[in-house]
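Values in this text are rule-based calculations from the coordinates and carry no lab data. Predicted model, so just to flag it, every value in this text is computed and none were measured. Backbone-built Cβ (ideal geometry, glycine too); neighbour counts: all protein chains shown.
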């Protein structure tokens, strides 16, 4: 998330699409809130009937559109140039659905090539012409970044070695040229569902690649004693530092630090969260987001039912609050929006972090990630 | 294992609960039914709730009693039985190595089934001491899609290095060569007939070292689960500053995870791959993918898996913590366990041949479907009824 993940969506284009009908369908309170809102959000969901979709929704929880997915989705990528969104399958599935988030119109579905599956994250190039997706080479248990040419009907034109396995979230750095990706280091194979096959020999890393050539620019690892700390989720702060969130596969009582920051040159540094901040995370960070101004970093642990906000300058803990099964995070006008697997939406209000109170509820279960689609005036 | 401490714990909690319940009753009689209260909260959760639903003190008492039941009546005895089985196997190997005969080899081989069964009954407890020092993988390196175990064990048998013959140095080697699949290879793999003669001396000593290494692991598991200040205490006395078990619901969630994770593993690791269940109706079975198929213990392992889960289910006594309108889940889950058990019992052995028999194959297919159905009863019905977070986001990391 972070600056690179808050692209603008034209309000006019939105209203010209399904927006008008949508606006008419809103309750007065929701319509007013939508007029005021400067962002919409997209998240993979499970519907009440058990089917799966990708919902575009407002801060108030009004669902604008809900694109059906063949199975459970994970993250969403958005290109504001052509107003395209892509909902990726959750690993180890092989589909990605391209749709227009302002209308819910499905443009096409993609399938990962033979012997590959999506890991669930990806992003567009700044000009909207290339789509990058994290993928698994199943036979070799090798992480990849697949590159798709949007204008050639999303033809897969190449792949980059991720230099590790279990490549999870990948983002484009603010320079528009560098890919940063998290190699979780956990081996899985679809023949065995989502079973973890290599916990004793995990080797997670954070990798920087040239997005045009795939050249390895830097690869960083945490100290060997932390080799079971799977680096999975990323956000980029205002100083172009990459914040990473981890899940720990070693003994739970170890309670290692779960979040840190990195740059291509300086490598990885773990934050120093106080014990009371760490215990609430239950050894698991499910998503990371940066505020719009890049000054604050939010973390969510659905296992611990806990949301944290850190100061991006020094890693200081600014806020901690409970949210049952909360995982989805996105920057909102002032602070952060958070969603939960139970269907709750927590809006920031005027808070610079997470809002107080119980939030609102949507008629669906939100998956782990939320994308913010900012509305231009 | 610890009847006195268990009784003391329960009675202390009961006293506290009774006191609290009386206070609550005076103020608000409707709160007296704790499980129902927890259920109400789970149906109307708000975003401000904690990770696990808070329930009243009365509810916590019942919940922690259920956790104590699991620990005292299933988990501790399960690890003890595994430890006993490891010692028995070690003794058999000792006998075989000092007196390599066909009879002693046969005894050691026959005993292996008991060891597989004992571990299968407790294998789905995947939190606590089993997660220290890679113990789980050192006992059971599986699945092994690249055949790492066979390659590495063959290399050991070829090189005959001394460091594979002692538990302490073996423990430093690859996890793949330390556990039950490696021992199975020693006892049943290519060249295992040598064990009946002096020419199998190195192989036999390696087998002994595997058993001794397993014994040090199983003994540690028994001791650490028995430690009154260790995992058991953390589960039964959850505390705010614990990294994992902060509320009674967290502890109960760990117990419920044994079922949800175990049933998922059985379906996705143990049944679906050998039955080629994801590869279309006409795909031929791949019986070599059965765990412990090489020793003809694949069915033994599956039976042990379900027996262990059923014993745990009965030990916990879920009806005591389920709300009145969810009481049906107890018998419903019991029935499914029973049906799975009787279908497994009716399958021909070995499973490598059973998959060629339409009737047996049908029974195994039924067991796969029933395993998934049983899992959904735990995840979609029992867990929410207990006020445990539905966990759509948290259940399975990503």
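According to the Kirkwood expression over distinct Cα-Cα pairs, how big is the hydrodynamic radius of region A:103-180, in Å?
Values: mean 1/r = 0.0770 Å⁻¹.
Over region A:103-180, the inverse of the mean reciprocal pair distance is 13.0 Å.
If you build a Gaussian network model of chain A, linking Cα atoms that sit under 10 Å apart, which residue out of A:146, A:104, A:176 swings the most? Taking springs between Cα atoms under 10 Å, the residue moving most is A:176.
Largest GNM mean-square fluctuation across A:291, A:109, A:340, computed for chain A with C-alpha springs under 10 Å, falls on A:109.
Calculate the translational D of region A:281-377 in whole µm² s⁻¹ from Stokes-Einstein, where the hydrodynamic radius comes from the Kirkwood formula applied to all Cα pairs, the temperature is 37 °C and the viscosity 0.692 mPa s.
Values: Rh = 13.0 Å.
The diffusion coefficient I find is 252 µm²/s.
Give me the one-decimal Kirkwood hydrodynamic radius in Å for region A:142-197, with the sum taken over alpha-carbon pairs.
Details: mean 1/r = 0.0781 Å⁻¹.
Averaging 1/r across every pair of different Cα atoms and inverting gives 12.8 Å.
Between residue A:38 and residue B:358, what FRET efficiency follows from the Cβ-Cβ distance if R0 is 41 Å, with the result rounded to 0.05? Mind showing how you got there, number by number?
On the way: r = 63 Å, r/R0 = 1.54.
Once the sixth-power term is evaluated, E becomes 0.05.
Per residue and in Å³, how big is the convex hull formed by the alpha-carbon atoms of region B:70-149? Please list the in-between numbers first.
Values: hull volume 9.3 nm³, N = 80.
Residue-normalised Cα hull volume stands at 116 Å³.
For region B:173-243, the extents of the C-alpha atoms along the principal axes are 58, 18, 18 Å, listed from largest to smallest.
How many angstrom separate the Cα center of region B:185-261 from the Cα center of region A:293-348? Their Cα centres are 37 Å away from one another.
Would you please calculate the Kirkwood hydrodynamic radius of the protein assembly as shown over all C-alpha pairs and express it in Å, rounded to one decimal? Computed over Cα pairs of the protein assembly as shown, the Kirkwood hydrodynamic radius comes out at 27.5 Å. Averaging over all projection directions, the Cα-based convex hull of region B:236-385 occupies 10.1 nm² in the image plane. Which residue fluctuates the most in chain A, going by a Gaussian network model with Cα springs under 10 Å, if the choices are A:175, A:215, A:75? Fluctuation is largest for A:175. Per residue, the convex hull spanned by the alpha carbons of region A:92-239 comes to 124 Å³.
Taking only the C-alpha atoms of region A:161-236, the Rg (one decimal) and the largest Cα-Cα distance, Dmax (whole number), read 13.0, 39 Å. When every alpha-carbon pair in region A:3-376 is counted, what percent end up more than 33 Å apart? Distances greater than 33 Å cover 22 percent of the Cα pairs. When Rg and Dmax are taken over the Cα atoms of region A:237-323, they come to 12.2, 37 Å. Placing one equal scatterer on every Cα of region B:75-228 and applying the Debye formula, the log10 ratio I(q)/I(0) at q = 0.18, 0.21 Å⁻¹ is -1.03, -1.36.
How would A:163, A:121, A:189 line up from fewest to most surrounding beta-carbon atoms within 10 angstrom?
Values: A:163 16, A:121 26, A:189 19.
Fewest-to-most Cβ neighbours within 10 Å comes out as A:163, A:189, A:121.
Mind jotting down the distance between the C-alpha centroids of region B:104-172 and region A:57-79, whole Å? Region A:57-79 and region B:104-172 have Cα centres separated by 46 Å.
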